[in-house]
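In what follows, a structure is listed as structure tokens, so that the remarks can point back to it.
Where a number appears in this text, it was derived from the coordinates with a stated rule and is not lab data. As the structure is a computational prediction, the values presented were derived from the model and not from experiment. Cβ placement follows ideal geometry from the backbone for every residue including glycine, while neighbour counts extend to all protein chains displayed.
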Ligand SMILES: [Zn+2]
């Protein structure tokens, strides 16, 4: 089974020093591509470097709404330079946030920075990975005014309403689901999944965040350390290992603060979503891979390998 992690942050300082091990383990678990999203001017160079070291990484550059206040006067020029020198890059992570953290950033500033980047994505014909928290109405209005987006919009970790799905899909959106969906009431999650057209469906881990709410004995953990000095990767955790993390019980919420998500946990997101959709997970994984191949072919994104080669490499059965 081969999988595509449509949105993660392997350059995150909390896991950067262990990224090569995380990637190797995730590749072993069948993850063939990772869309690694930068979040601020401080990490774009790391994303670029990683994409040059690992052919499995699709680089994405963007200014995340949480970091809007820290931008330098030249941020947009710097961003444009990254796209000029990285033809295989997509735009992300960009977006709007009216949640507890986003409320600290002036919303009009968020909108201005978001629109500039969305405009850039459109001009360059690249897909954009969008973060949206409690601002779906604003997002839809902006996309309706600026869209459609034939190069594709990835609504990352989609938690909007089922009713808005067709509106976003009309404008060129893909819907990417993460472990956060597991925290949503199953009935509500099912309604959303039902509305998503099968060719617009993606999976992601958002690692190192969005730890899936799943059985601990099968999850992979990255033990975070706020000092960033001692990150320990636990390849497979058993209940006895959990004890050494001074955690009792099988509940994810009982894990120590700072425990981080591993990109290989995408398998748990896949299993959960397949069960909600009453699909076999291998079947769903094949559908999703087709999305990856068709997304990049349709987008004419100059990936290190051509769409057709990607199609062959991934072993998707259908003709492009
Ligand atoms: Zn993210």
Taking the mean number of other Cβ atoms within 10 Å as a proxy for protection, how do you rank 69-78, 200-209 from highest to lowest? 200-209, 69-78
Above 27 Å lies some portion of the pair distances; for the stretch 78-201, what is it as a whole percent of all C-alpha pairs? 17
Taking the Cα centroid of the stretch 11-49 and of the stretch 111-136, what is the distance between the two, rounded to the nearest whole Å? 22
